[in-house]
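Student: My questions will all concern the structure given below.
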Amino acid sequence: MRPRTFILLILVVVVGVALAAVLILRNSGGSSSSDALVDTTTGTGAEGTTAQEPNLPPPTATPSVRFEPVVVARVNIPVGQRLTPELLEVETRPNNNIALQGGYTFANIEDLIGRIVKVEVSEGQAVLSPMIALNATDLASFGSDLALYLDQGRVAVAFPFSLNGDESTEEAAIRGAAFAMRPGDFIDVMMTLRILEIDPEFRTALPNLTQRVYQSGLLEGSEFLFPETVQGRLEFIPEINQVAEIIPSDNFIEGQDFEAGTPIPKRVTQLTIQQAEVIWVGTWKQQDELLEDLEPIPSPVTTDETAVDLTEEEGMEDTTTGPEGTLCVSPISNEIIECPIVREQTRPDVVILSMSSQDALALKWALERGVDIDLALRAQGDNTVFFTTSVSLPQIINEGGLAVPSDADFDLHPRVDDEDLLRPRLPDEAPVN
């Protein structure tokens, strides 16, 4: 190779290296400029504080989402259903849920047990507080308010405390557990049946009436029927050495509940209906009637026309008695009106019970047949199903250890049927606690 050619190659290599060095320096210089620009916009100020570009909003931290327990419907729940643990379950929902933020949800199933829903709740839907019926005045506007208090498969039946219409308050109180039951209580129904023997063909109570036939009169075409008489039985009487007909007597004992001359009914008592729920005591009231009961009672006032000088205590007495001519100031309109007569219902007429359809049929039949019915109040939370034995006089004697006294020629004084005997009775007024 010639020296001139060799020198040219060396120059080409030197020029290439120089160009490469220039390009590298330019790239490194641009990065430094960018870094310098970034440092000027986000540089660190004194004492570790960060310099902030003016007119720019501060950075916002992304909120963290938490999950909280919410009670939801496990299955579709119809309107009026009383909530049980089997119908509910707990799921977790994000805390940004509107219902959670508004405080309308429930976290514990126990808070909803026994409550009644007034709207249909779909499966998986959260049970919210506006869906729950709080009381009789906070129910949905469709259908009957009373129907919302009934469980599925049960019906409401009104039971009268006075069965024959002329019972005293004491008798009605004994029949209805002294009117102590309140909505939410459970009661059992006891019935006493009076059984009579009947003629299977005539379907009338025995004994039958008979008219004996005079055979000679029948053959001669004259009167042949003896006067009618109660069917008896023929017995031989040794004292007179003759056969006589024995018929029922018409003796009447004071206090007996059957007619004289009729057979004594065979009584049997049994526990027939169990765990009937008390829905309401007294005649059911609609929402407007309940609101009227909550209205304040007007207070009496004195005027020149009435010329009555009443103290405050006397005025309260007049409010309860409502004498004619006493004037009151209406708390609603502030107008002077005549004082109303305030009456308190001390004796409810009926009690509304919730029971199965079969039990309702048994109660209806018993009411129509005049069966003696008494209600027994259960303890709170007692779900015991009793298996009882019917009680009758033979059962009490045979199984109760009752010994029937033998005949004797002596008695006690005074007799239990003496008129001056002091008989137990309920007080006229309820005792004051």
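Student: Step by step: first the residues of region 111-128, then only those that are of a type in the set (Val, Ile, Thr) and in a loop (DSSP other than H, G, I, E, B), then the one that is farthest from ARG74 (Cα to Cα). Which residue is that?
Tutor: That would be VAL119.
Student: I need the full set of residues from region 148-174 which are among the aliphatic types (A, V, I, L, M) and closer than 30 Å to ILE77 by Cβ, in order please.
Tutor: Those that are among the aliphatic types (A, V, I, L, M) and closer than 30 Å to ILE77 by Cβ: LEU148, LEU150, VAL155, ALA156, VAL157, ALA158.
Student: Hey, another quick one. Restricting attention to strands (runs of 3 or more DSSP E) lying wholly within region 239-313, give those where 3 or more residues are touching a Lys or Arg at 6+ places or on another chain (Cβ under 9 Å) and either at pLDDT below 90 or not aromatic (Phe, Trp, Tyr) (or both).
Tutor: Ranges flagged: 266-281.
Student: Restricted to region 177-218, and to residues that are β-branched (Val, Ile, Thr) and not in a loop (DSSP other than H, G, I, E, B), which residue is surrounded by the most Cβ atoms within 10 Å (Cβ to Cβ)?
Tutor: ILE187
Student: Within region 161-176, can you find the residues that are part of a helix (DSSP H, G or I) and either surrounded by fewer than 17 Cβ atoms within 10 Å (Cβ to Cβ) or hydroxyl-bearing (Ser, Thr, Tyr) (or both)?
Tutor: Correct list: THR169, GLU170, GLU171, ILE174.
Student: Considering only residues that are in contact with a Gly (Cβ under 9 Å, 6 or more places away or on another chain) and either farther than 27 Å from VAL391 by Cβ or assigned by TED's automatic domain parsing to the domain that holds GLY184 (or both), which ones fall in region 252-278?
Tutor: GLU277, VAL278, listed by residue number.
To keep it simple, each residue is scored yes or no on (1) surrounded by 17 or more Cβ atoms within 10 Å (Cβ to Cβ); (2) at pLDDT below 85; (3) within 30 Å of ILE373 (Cα to Cα); (4) under 19 Å from the mean Cα position of the chain (by Cα).
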{"position": "THR105", "(1), (2), (3), (4)": "yes, no, no, no"}
{"position": "ILE113", "(1), (2), (3), (4)": "no, no, no, yes"}
{"position": "LYS118", "(1), (2), (3), (4)": "yes, yes, no, yes"}
{"position": "ALA133", "(1), (2), (3), (4)": "yes, yes, no, yes"}
{"position": "GLY143", "(1), (2), (3), (4)": "no, yes, no, yes"}
{"position": "GLN152", "(1), (2), (3), (4)": "no, yes, yes, yes"}
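The values are calculated or read from the model by the stated rules, or taken from the named source; none is laboratory data. Being a predicted model, the structure only gives us computed values, none of them experimental. Methodologically, a virtual Cβ is constructed for each residue, glycine included, from the backbone with ideal geometry; neighbour enumeration extends over all protein chains shown.
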